[in-house]
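First comes the structure, then the notes that go with it.
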């Protein structure tokens, strides 16, 4: 659900629906893709300002979930080095939410589905080996 021709991130309709509900409850949201440890590699969803983005965080893109404000998605710069050839889609499934992520009490949890970037995406992001 993004209007950008090329994006590193997307969202399923099921996840977008939950994000609309969570935004109504918590205000504007953002994601930070967790790098492991306690929550594995779960996408963590926070009200804006609850998780501070720093200079070592890479913005992956914005999710259009049908609200006035898009939801920004970030990842640490060091983790991005491992994921830079990957497109991420945020989805939702039944289960316990990760850590302090806002979906925790809903009985649902966000997860990442990934695929390798295709050739036009690699070229666009300057990862085609020639750029």
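The numbers here are math on the coordinates, done by the rules we state, and not lab data. What you see is a predicted model, and the numbers here were worked out from it, not measured in a lab. We place every Cβ from the backbone using ideal geometry, glycine too, and count neighbours over all the protein chains shown.
For this structure, a couple of remarks:
- For the chain, the normalised intensity computed at q = 0.13, 0.16, 0.20 Å⁻¹ comes to -0.51, -0.78, -1.20 (log10 of I(q)/I(0), Debye sum over alpha carbons, equal scatterers, no solvent).
- Take every pair of alpha-carbon atoms less than 8 Å apart whose residues are at least six positions apart; their mean separation over the length of the chain yields a relative contact order of 27 percent.
- Taking the C-alpha atoms only, the angle from helix 13-26 to the longest principal axis of the chain is near 50 degrees.
- Neighbour-count order for 90, 112, fewest beta carbons within 10 angstrom listed first: 112, 90
- Burial order of peptide ranges 8-20, 70-82, 45-57 (average beta-carbon count within 10 Å, highest first): 8-20, 70-82, 45-57
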